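Working notes, structure below.
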Amino acid sequence: MLQLKQYIKVANLDEAYELNQKKNSVIVGGMHWLKMGKTAYGTAIDLSGLGLDQIVETDETFEIGCMVSLRQLETHEGLNTYTAGAVREAVKDIVGVQFRNTATVGGSIWGRYGFSDVLTVFMAMDAYVVCHKAGEIPICAYAQMKADRDVLVKIIVKKTPICMSYQAMRHAKTDFPMLTCAASYMNNCWTVAVGARPSRAKAVVDASGLGLKVTEEEAKQLALDTVGVQEGAVKQLKIKLDKENGCVDIRMSCDVKELGYIPVVTGAFLISRANVNDLTK
Ligand SMILES: Cc1cc2nc3c(=O)[nH]c(=O)nc-3n(C[C@H](O)[C@H](O)[C@H](O)COP(=O)(O)OP(=O)(O)OC[C@H]3O[C@@H](n4cnc5c(N)ncnc54)[C@H](O)[C@@H]3O)c2cc1C
């Protein structure tokens, strides 16, 4: 069972940072992941008094405080309009509404969990992690960094015009994902983030000039380019793309290439066919 000797609700980020430098201190978010462990911590650091539980939308950005819940992500109109529902799609199957009401963005991104839907979806955007000491770090770089004792303060999403789609595969609804994939088109190139490989997500940027109306063959080539990040993915899957309705059918036994190919192609199809976002807006 998790043990906490003392609990401090901090008054500012400097205090949180200082307290967190001790090895037996821990910042608490929603505590869903923490409570699964058996560690005895000296000090639990609570950031809930710092007003970091808001999504602030401006003309240029979304600023998402570390204490924002996954449910707030799911229901935020501006963020979901901007991402054509990709954020909602990414979090909607994480356990249940009660869980998502308290699981935080900070805990989800800081953890850089291999299975993370949350990390994957933000990696396909023009997004940055803001840490108290280290400052602003592109989320794809943050995803590859080792965990340290800095405080994750917020996520900034720049409103770069984007078309995007999110796909995940689960054995059963609300189970951990077997594969996560976010495909986006921004700044005239495609970005494909693939997670649950089973390790943490990686993003591949295709700068070869594939247009928005990507063809099946072009999407296939892009998908094959992502195979390099797919090493170690679950191999015993048979996946069939239903081109008519854009859904994915998972069966037993096929190879890693197909596994990499399908979510990317699906994402690309869904984006270009449904014309989800007008990039000129
Ligand atoms: C049963 C279960 C099923 C899940 N299924 C999924 C799933 O399908 N898909 C998915 O994407 N995720 C899933 N998750 C992960 C979940 O969505 C959250 O990412 C996870 O619970 C962490 O969020 P939290 O707020 O509970 O963080 P906590 O458990 O409170 O913290 C997690 C870690 O982050 C650190 N931390 C928290 N906030 C900060 C901060 N601001 N700065 C620095 N460090 C910080 C903590 O010290 C701790 O080490 C699952 C979790 C559980 C327990």
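Here segment 3-44 was treated as a single set of alpha-carbon atoms; its pair distances binned every 10 Å from 0 give 30, 56, 14 percent. At q = 0.13, 0.21 Å⁻¹, work out log10 I(q)/I(0) for segment 55-158 with the Debye formula, treating every Cα as an identical point scatterer and leaving solvent out; two decimals please. Here the Debye-derived log intensity ratios amount to -0.40, -1.12.
The label-point distance for Leu13 and Phe99, in a model that sets each label 7 Å from Cα toward Cβ, rounds to 3.0 nm. Given R0 = 35 Å, the distance between the Cβ atoms of Thr75 and Val205 translates into a calculated FRET efficiency of 0.70. Using equal-weight Cα scatterers in the Debye expression, the normalised intensity of segment 1-81 in log10 at q = 0.12, 0.13, 0.15 Å⁻¹ is -0.43, -0.50, -0.63.
Only the coordinates and a few stated rules stand behind these numbers; no lab work does. None of the values given here were measured: they were computed from a predicted structure. FYI the Cβ positions are ideal-geometry reconstructions off the backbone, even for glycines, and counts take in every protein chain you see.
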